[in-house]
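The values are calculated or read from the model by the stated rules, or taken from the named source; none is laboratory data. Bear in mind that the values here come from a model prediction, so they are computed numbers and not experimental data. Cβ coordinates were reconstructed from backbone atoms using ideal geometry, including for glycine residues, and neighbour counts include every protein chain displayed. With ligands, DNA and RNA removed, areas are computed over all heavy atoms of the protein, side chains included. Shrake-Rupley method; radii C 1.70, N 1.55, O 1.52, S 1.80 Å.
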Amino acid sequence: MDRTQWQEFLSGKGAKWEGDSAHFPEIQSDLYLVDLSPVGAVSVHGPDSQKFLQGQLTCDLVNLPDGHSTAGAHCNPKGRMISAFHALKKSQDDILLSLPRELAPIALAALAKYAVFFKTDLKELNHSHHWLGLQGTDAATRAAELLAVPEIAHLEPGAARPFTFDDGEALIHMVNRQQAAILVPIDAAPALWEQLSAGATPAGFCHWQLQLIHDGMPQLHPETSGIFIPQMVNLHLLGGVSFKKGCYTGQEVVARLQYLGQAKRRMYRARCESGKLPAPGQSIVETPGQKNCGEVVVAERSENGIDLLAVLANASVAGGSPLQLEDGRTLELLELPYDADADPLTD
C-alpha cells in the first residue's frame, strides 16, 4: 500500500474530517483516533547506533533506559537545530526518531554525513510505515483494550515498546498520558485503523497537534530548520538537552549560551483570531513600528481561534507592546504548562 491507497482507504471510511478547514471541527469524544500522516520516522539501526547518535544529538541516549524515549535535536556546528524529534530507544542497536514527515529527509541527510565511520544504517520509514494515534484520558489503558495487548496498559509517558500486530512488529510510543502513537508497516495500517475505530472516534490531525501545542512541545519544519538554538524553543526544559553527556555537534554553542549567557529569545504559547493558518517561520512583529521580534514555530486551529507556539524576543514581551502576525492579527500570550524561567542546571 502506498500513500495514495491509504488516503483512498480513509475516504472510503467517510474520513471527511481531514483537510485545511477554516474552522475547528467540533467533535466530542473521550477517545480520538487520528491519522498521523504528517508524522514520519527515521530508523537508526546497527551495533554503533547509540555511540553514533550520542556524539550528534543534544539528548543523552547512554543513560536513557531501553524502552523509553526522550526529546532531542540534531544541531549544525553553529548550534542551530537541523531537526527536533522524539528519540525512541528500543535498544542500543535500534533507535527511532519520530518527527514531522516533511523534515525526515532533511534529518536523514544531515545525520548521514557523520555516519560513514560507524556501523549503523540510517533509513527513512516514511514510505514503509505509518503512524496512527489514540488521544484521550488514559490512552495506554484504552490502547491495551482495543489492541488486546494487556502488557501496554501500564506504560508511562515516554515509554516506547514493540508489540505484535497482524503477525508483524508494531511500536507504541506514549507521547504523554493522553497521546499514544502507534507505528506499523503501512500494509497493516488499514487493519489497525479498523481495530482501533471500534472504540475510538476518528478525528483530524488538528486535535493531536493542539495537544502538543498546549504541552509546549516544539516542532521543526523545513522552513525553520537551521534557525533556532535549542534553548530558544525550550528544549532544555523538556529534557531534550544534556549538559553533562559531553561533546556533540553544536555543543560548544549550546553550552556557552547556558553557562555564560541567557537566551534573548524563548518559546511562548499564544493565540490569535481565526483566519489563514500561520506557517512555520512566519514573522511576528512588535507594534508600533513593525519591528520583527520573532517567528512562528507551529500553529493549529482551535475552538478559540488559532493556537500557536512562537519564538519571541524576551524584551518585546516584557515591554508590553502589542505583538502581531504580519497580517495584523494580534497575539494573546498564554501560559505554558512548565516553568519557562527554570534553570535545568539547578532545578
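Brief remarks follow.
- Within the range 144-164, residues that are within 24 Å of residue 64 (Cα to Cα) have Cβ atoms under 6 Å from residues that are open to solvent by 100 Å² or more (accessible area, probe 1.4 Å) in these pairs: 157/177; 162/169, counting only partners at least 6 apart in sequence or on another chain.
- When residues in the range 262-281 are screened for being open to solvent by 40 Å² or more (accessible area, probe 1.4 Å) and not hydroxyl-bearing (Ser, Thr, Tyr), 9 of them pass.
- Top-ranked residue in the range 180-200 [being part of a strand (DSSP E or B) and either in contact with a helix residue (DSSP H, G or I) (Cβ under 6 Å, 6 or more places away or on another chain) or open to solvent by 70 Å² or more (accessible area, probe 1.4 Å) (or both); ranked as farthest from residue 9 (Cα to Cα)]: 180
- Among the residues listed as 141, 164, the single one being within 25 Å of residue 2 (Cα to Cα), among the polar types (S, T, N, Q) and surrounded by fewer than 22 Cβ atoms within 10 Å (Cβ to Cβ): 164
- Qualifying positions in the range 295-313 - out of contact with any Pro (no Cβ under 9 Å at 6 or more places or on another chain) and not acidic (Asp, Glu): 302, 304, 305, 312, 313
- Contact map, the range 216-231: first residue without any contact (Cβ under 8 Å) to a residue 60 or more places away in the chain, second residue open to solvent by 20 Å² or more (accessible area, probe 1.4 Å) and part of a loop (DSSP other than H, G, I, E, B), Cβ cut-off under 6 Å, separation 6 or more or different chains; pairs are 223/280; 223/281; 231/263.
- Verdict on residue 91 being hydroxyl-bearing (Ser, Thr, Tyr), surrounded by fewer than 23 Cβ atoms within 10 Å (Cβ to Cβ) and at pLDDT below 95: no
- In the set 295, 286, only one residue is in contact with a helix residue (DSSP H, G or I) (Cβ under 6 Å, 6 or more places away or on another chain) and surrounded by 17 or more Cβ atoms within 10 Å (Cβ to Cβ); that residue is 286.
- Counting the residues of the range 281-291 that are within 26 Å of the chain's Cα centre (by Cα) and over 25 Å from residue 100 (Cα atoms) gives 1.
- Filtered by the rule that a residue be touching a residue at least 40 places away in the same chain (Cβ under 8 Å) and under 24 Å from the mean Cα position of the chain (by Cα), the range 252-262 gives 253, 254, 257, 258.
- Yes/no for residue 126 being of a type in the set (S, T, N, Q) and either under 27 Å from residue 143 (Cβ atoms) or in a helix (DSSP H, G or I) (or both): yes
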